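Any read-out appearing in this document is the output of simple, stated calculations on the displayed coordinates, not a laboratory observation. Note that the coordinates shown come from a computational prediction; the quantities given were computed from them, not determined experimentally. Using ideal geometry, Cβ is built from the backbone for each residue, glycine included, and neighbour counts are taken over all protein chains shown.
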């Protein structure tokens, strides 16, 4: 079930519907955060902070897009705050670089270009692989990807492995990964 549907159920239902919403969001957010921050404990802390913000504010806010988009934006802000904090402590992330003139953190432009190039290359070879990589990156669980792509779980894991391997090989050729 989508996050937006769970949100609507929580708005119309009681405490049980709200618990289902937050249980689902926490599972998705943990996967999403862990893909960006490889430290499990830090990812868990970030998710808990994001969930606390969402729990405090979600009933009062009128969403211009959707609850799901807003909730993921809250998590994104928490992740960026974490990355900024790490960089202030001298532990820079490979995907992000400091902008000395503005004092802000921005994505590593060269890596972004290489990633987009490699994803485009994968897409031109096999669109299904690129779509599955994208869904996985967005935090969809295996069951949801299988449903969307009409795959069995075993087939999904094989496709994900091949797609990730192709991405890694492309990035190695581009000189980014060693």
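Spin-label pair residue 150-residue 9: with each label point 7 Å from Cα along the Cα-Cβ axis, the two points sit 2.7 nm from one another.
With 10 angstrom as the radius, rank 24, 110 by how many other C-beta atoms surround their C-beta, starting from the fewest.
Least crowded to most crowded, the residues run 110, 24.
Gain on full extension, evaluated as 0.36 nm per residue between residue 20 and residue 123 minus their Cα-Cα distance, stands at 33.5 nm. Fewest-first ordering of 29, 22, 67, 117 by other beta carbons within 10 Å of each residue's beta carbon gives 117, 22, 67, 29.
Principal axis extents of the C-alpha atoms in region 3-92 (largest first, rounded to whole Å): 47, 24, 18. In angstrom, the C-alpha Rg and Dmax of region 109-173 are 11.9, 36.
Find the relative contact order for region 109-173 and round it to a whole percent, using C-alpha pairs within less than 8 Å whose residues are 6+ positions apart. Write out the running numbers ahead of the final one.
Working: 38 pairs, mean separation 24.4, N = 65.
Relative contact order here is 37 percent.
Put in order of Cβ neighbour count within 10 Å, fewest first, the listed residues 151, 6 become 151, 6.
Placing one equal scatterer on every Cα of region 1-40 and applying the Debye formula, the log10 ratio I(q)/I(0) at q = 0.17, 0.33, 0.35, 0.36 Å⁻¹ is -0.47, -1.01, -1.08, -1.12.
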